[in-house]
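Working notes, structure below.
Read-outs throughout are calculated quantities, based only on the coordinates presented, and are distinct from any laboratory measurement. All figures in this text were calculated on a predicted structure; none of them were measured in a lab. Neighbour counts are summed over all protein chains in view; Cβ atoms, including those assigned to glycine, are modelled from backbone coordinates with ideal geometry.
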Amino acid sequence: MKKVKMYRKIIYHVIVTIFGLIMIYPLVWMIMSSFKDTNTIFTTAGQLIPEEFILDNYINGWKGFAGVSFGTFFKNSLFISVVATVGTVFSSAIVAYGLARCKFKGKRILVVAMLLSMMLPAQVLMIPQYLWYQKLGWVNSYMPLIVPYCFAIQGFFTYLMMNFIQGIPKELDEAAKIDGCSYYGIFERIIFPLMLPVLITSGIFSFMWRWDDFLSALLYINDSSKYPVSLALKLFSDPGSSSDYGAMFAMATLSVLPIMLIFIFLQKYIVEGISTSGLKG
């Protein structure tokens, strides 16, 4: 019986390892191709390890376009991602606290509306949002990429935090009320500090989603000097002329490094935040 269990574990781990290698192979291929000569990337596509590692693609890619270095695009992405993430986390925390702890008429309707907004495809709202932002004069600026997220428009984070707050004993609120705390005081002194795991989890996901956001930047940003990394990468591929795929792979490799580092070093917070918020498979 023990041998059967051992064999099952071995087979399971072998299958998982094979699937894992298949899933990460495209990423590894891109990283390895970034060290190849641009002219030989596709002719040696079947050869994963390059014969000679060169850094020309990184040097050429970092120079950027029209006098704008690729470092500028990284700064743009970092600014958008950080500011939008801070706005998302704090606004979602406030809304989640109101839905989880405060009693008022129409509360259930708001919760249902929040859940429905999570099911609504983003493409449905693209045209009305664009027309609205155009009238406000926000096109070709970072406002459409930042301001909406400061109003808890992503129901996923609000729902995540709401479930977490509902898991906090209400006796803490009642004890604080006896000591004279208002709703604002309870949130500031008790609830918000206890929400640290779910705040970090929401911040990680929000930063990753904003960093990888391509479509929103494509819609609202026209000036190439304001491009984030996700949009700047397409400049390397020009259907009308030659494309520098080597530089594109090199900059794409650098662009995924922040996300990879965040996931590697903050993985425990992601697991802790989700496991303590009631979102279980």
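Within region 66-275, what is the number of lysine pairs with alpha carbons under 18 Å apart, leaving out pairs fewer than eight places apart on the same chain?
Working: K75/K226; K75/K234; K103/K170; K103/K177; K226/K234.
Counting lysine pairs in region 66-275 gives 5.
If amide H atoms are built 1.01 Å from N in the plane of the peptide, which residues on other chains or at least 5 residues away come under 5 Å of the amide H of S243? Amide H to amide H, under 5 Å and 5 or more residues apart or across chains, S243 pairs with D238.
Rounded if a/c is under 1.5, else prolate if a/b is larger than b/c, else oblate: which is region 98-178, with a ≥ b ≥ c the root eigenvalues of its Cα gyration tensor? Show your work: numbers first, answer last.
Details: a/c = 2.98, a/b = 2.26, b/c = 1.32.
Prolate, since a/c reaches 1.5 and a/b exceeds b/c.
Helix 126-136 axis versus longest C-alpha principal axis of the chain: approximately 80°, rounded to the nearest ten. Each of (1) 68, 41, 32; (2) 72, 71, 32; (3) 50, 44, 29 is a candidate for Cα extents along the principal axes in Å; the one calculated from this structure is (2). Under a Gaussian network description of the chain, with springs only between Cα atoms under 10 Å, the residue in L196, L99, L21 that fluctuates furthest is L21.
Cβ-to-Cβ counts within 10 Å put E171, E188 in ascending order as E171, E188, the fewest first. Compared with the dominant Cα axis of the chain, that is its longest principal axis, helix 107-119 is turned about 10°. Can you tell me the orientation of helix 155-166 relative to the chain, as the angle in degrees between its alpha-carbon axis and the longest Cα principal axis, to the nearest 10? Approximately 40 degrees, to the nearest 10.
Among D244, D223, which comes first, second and so on when ranked by fewest other beta-carbon atoms within 10 Å? Present the calculation step by step, with values, prior to reporting the outcome.
On the way: D244 17, D223 9.
Fewest-to-most ranking of D244, D223: D223, D244.
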